[in-house]
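Student: I'd like to ask you about the structure that follows.
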Amino acid sequence: MHTLESRNSQPISMFFEMFGEHLLADDYMEFYSNRHKANTDTLLRLDIYKAEKLATIILEEYAVRGKLKGHVILVLPEPTFNVPIFMFQLGGNDTQSIALLDISPTLPDTDYGPLIPTHRKYRDLLKVDESTIEWVTQISSPYLLHRQYGPLDEGLFMEASREYLRIWIEHYYKPGTALSSQHDVDTATRTIHRYKKILHDGDPAHGIFSKAWGKKVADAFIYLEMRDHPALEIDA
């Protein structure tokens, strides 16, 4: 039984619907923490799954002091396979959205042919420009869809997310194979570790949760997300 209220979460429900058959149902981790103060909650519900070819599947629901809420889906491959990273975030408040959708390469020769038409379609429909957030652009592909605190048609973004996830499953995950070159394994390992570090350093979540719960509890959530090889070291 997972902690996430997937019946009330369109993104998590979508992921289970489209990818649930591949998850190892008897091998997962759960994390929950909440600070209730002045009638507001700063909470995180987290499930971490595994699947063949994948090191870590992060399904996250969060809320911050009654100001922001949202969901994150992050899929990190085993560095011994030629499977790219899948990243989704959708949150914000009643007037402004935070949204991120991408299939990020772990190897330089990733073929983005299957994704390009979908990216062009939803880039234009959603009226999103290239990201200006440096840490986001450092870990993203050229086919990122990103909105940082602004108006967004979230229904249309969910439509785009379903298409990105379908493409990731059908064109990258299912046909993904083990890497035969140690050079490629080393490249993928370095890229995944770099992705984790830049994500951790750039994302404000750890700082917010440290203030709400204390650093040791916030570190525990980072450890659970980033403990699989190549593991991210957490500062003491």
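Laboratory data are not the source of any read-out in this text; all were calculated from the coordinates shown. All values reported here derive from a predicted model rather than from experimental measurement.
Student: Treating cross-link reach as a plain straight distance, find the lysines whose alpha-carbon is under 16 Å from the alpha-carbon of Lys67, omitting any fewer than eight places away in the same chain.
Tutor: Lys37, Lys211
Student: Still on this structure, please answer the following. Please compute the contact order of the chain in relative form: average sequence separation of alpha-carbon pairs under 8 Å and at least six residues apart, divided by the residue count, as a percent.
Tutor: 17 percent
Student: At 222 nm, what value in deg cm²/dmol follows for the chain if DSSP H runs of at least 4 each add -39500 (n - 2.57) and the sum is divided by all its residues, to the nearest 500?
Tutor: -11000 deg cm²/dmol
Student: Take the Cα atoms of region 6-226, build their convex hull, and give its volume per residue in Å³.
Tutor: Hull volume normalised by residue count: 123 Å³.
Student: Here is a further query. With a ≥ b ≥ c the root eigenvalues of the C-alpha gyration tensor of region 51-144, is it rounded (a/c under 1.5), prolate (a/b larger than b/c) or oblate?
Tutor: On the way: a/c = 2.23, a/b = 1.27, b/c = 1.76.
Oblate is the answer for region 51-144, as a/c is 1.5 or above yet b/c matches or exceeds a/b.
Student: Moving to a separate point now. Mind scanning Lys53/Lys127; Lys69/Lys196; Lys69/Lys127; Lys69/Lys121 and naming the pairs with a C-alpha gap bigger than 25 Å?
Tutor: Where the Cα-Cα span goes over 25 Å, the pairs concerned are Lys53/Lys127; Lys69/Lys121.
Student: Hey, another quick one. Mind checking Rg over Rh on region 8-66, alpha carbons, Kirkwood formula for Rh?
Tutor: Working: Rg = 13.7 Å, Rh = 12.8 Å.
Taking Rh as the inverse mean 1/r over Cα pairs, Rg/Rh reads 1.07.
Student: Where a ≥ b ≥ c are the square roots of the eigenvalues of the C-alpha gyration tensor, would you call region 88-198 rounded, which needs a/c under 1.5, or, failing that, prolate if a/b is larger than b/c, or oblate?
Tutor: In terms of gyration-tensor shape, prolate.
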